[in-house]
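Everything below concerns the one structure shown next.
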Amino acid sequence: MKTIKYYSIIMLLLGASFMSCKKTKEKEKEDPYVCTTCSQIPEGVAANDNNSKGIYKGVVIGSSGTIKFDIANTNSNSIKATMVIDGITVTLTTTTAWVAGQLYVAPFKGTLNGQEVTVTFSVAASGSGATIVSSSIPGHPNAIFSIAKETSTALVRCFEGTYQTSDNEKGTFNIIVSTLLKGWTGKARENGSQSATDIYGTYVNNTLIDESGATIAPINGDEFSGSFKNSRGVTIIVKGKRTL
């Protein structure tokens, strides 16, 4: 009888352990990735929605990273930028003051591994057409940027990702998702290449769709993962996580 009793207790314990592990795995599967360092609400203030002040966010390829400009968003005397490239954070500042009603062009400078970084930012007086005019980043001579303005009602989410094709091409797949853009945009670049491809499309029901209407990948929480075929029938697998 004692043997049967001990056997029953062991089976109960094993059963409880199995159920506990099963519930943990199910929870891990159900809970999507969330970028804990990313803002979940727009940082741009309403007064800057239609001028060049405000928040601008973007992705970098070369190697991979993000950049965020604060053009006097909440403080007229505070104009700065933060770039994260290959996991290294660089603070960028400028002495160029913001002037109402004028095109804003400014060189932002900082230091990366003891060497000077310069990223020249430009945006129209209305806040449209934000772009990087030029850049000098030690160790990243061919950096390419995609930039978007964040308004008080439109959060900008930046994802760093990768792609791999069925014919074994691999590369970077970095995108910006914004309701103000009415979709997504970004850059893709094959590993080892010096040029990048513009990528863009719409964003419907938490799904990235390209300009031809093909489904690229669903976004689950703060990450995307999926596969599709290009016009040549080559399968492309993409995945990425939000980092800004």
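The values are calculated or read from the model by the stated rules, or taken from the named source; none is laboratory data. Please read these numbers as outputs of a predicted model, since none were measured by experiment. So basically every Cβ, Gly included, is an ideal-geometry build from the backbone, and we count neighbours across all protein chains shown.
Between Ala47, Ala16, which is aliphatic (A, V, I, L, M), surrounded by 10 or more Cβ atoms within 10 Å (Cβ to Cβ), in a helix (DSSP H, G or I) and at pLDDT 95 or above? Break it down stepwise before answering.
Numbers: Ala16 fails: at pLDDT 95 or above.
Criteria check complete, one pass: Ala47.
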If Gly221 satisfies every condition in (1) on the phi > 0 side of the Ramachandran plot; (2) free of Cβ contacts under 8 Å to residues at least 60 places away in the same chain but one, which is the exception?
-> (2)
Polar (S, T, N, Q), more than 23 Å from Asn168 (Cα to Cα), touching a Pro at 6+ places or on another chain (Cβ under 9 Å) and surrounded by fewer than 18 Cβ atoms within 10 Å (Cβ to Cβ) - does that describe any residue in segment 207-226?
-> yes
From the list Gln164, Gln102, which one is more than 25 Å from Ile41 (Cα to Cα) and either assigned to a strand (DSSP E or B) or of a type in the set (Ser, Thr, Tyr) (or both)?
-> Gln164
Listed by first then second residue, the pairs whose first member lies in segment 121-143 and is in contact (Cβ under 8 Å) with a residue 12 or more places away in the chain and part of a loop (DSSP other than H, G, I, E, B), whose partner is surrounded by 15 or more Cβ atoms within 10 Å (Cβ to Cβ) and of a type in the set (S, T, N, Q), with beta carbons under 6 Å and at least 6 positions apart or on separate chains, are Ala125/Ser52; Gly127/Asn51; Gly127/Ser52; Ala143/Ser135
For Ser146, work out the one condition from (1) in contact (Cβ under 8 Å) with a residue 24 or more places away in the chain; (2) in a strand (DSSP E or B); (3) of a type in the set (Gly, Ala, Ser); (4) exposed (fewer than 15 other Cβ atoms within 10 Å of the Cβ) it doesn't fulfil.
-> (4)
Per the filter on segment 227-244, residues surrounded by 14 or more Cβ atoms within 10 Å (Cβ to Cβ) and either among the aromatic types (Phe, Trp, Tyr) or in contact (Cβ under 8 Å) with a residue 60 or more places away in the chain (or both) are Phe228, Ile236, Ile237, Val238, Lys239, Gly240, Lys241, Arg242, Thr243, Leu244
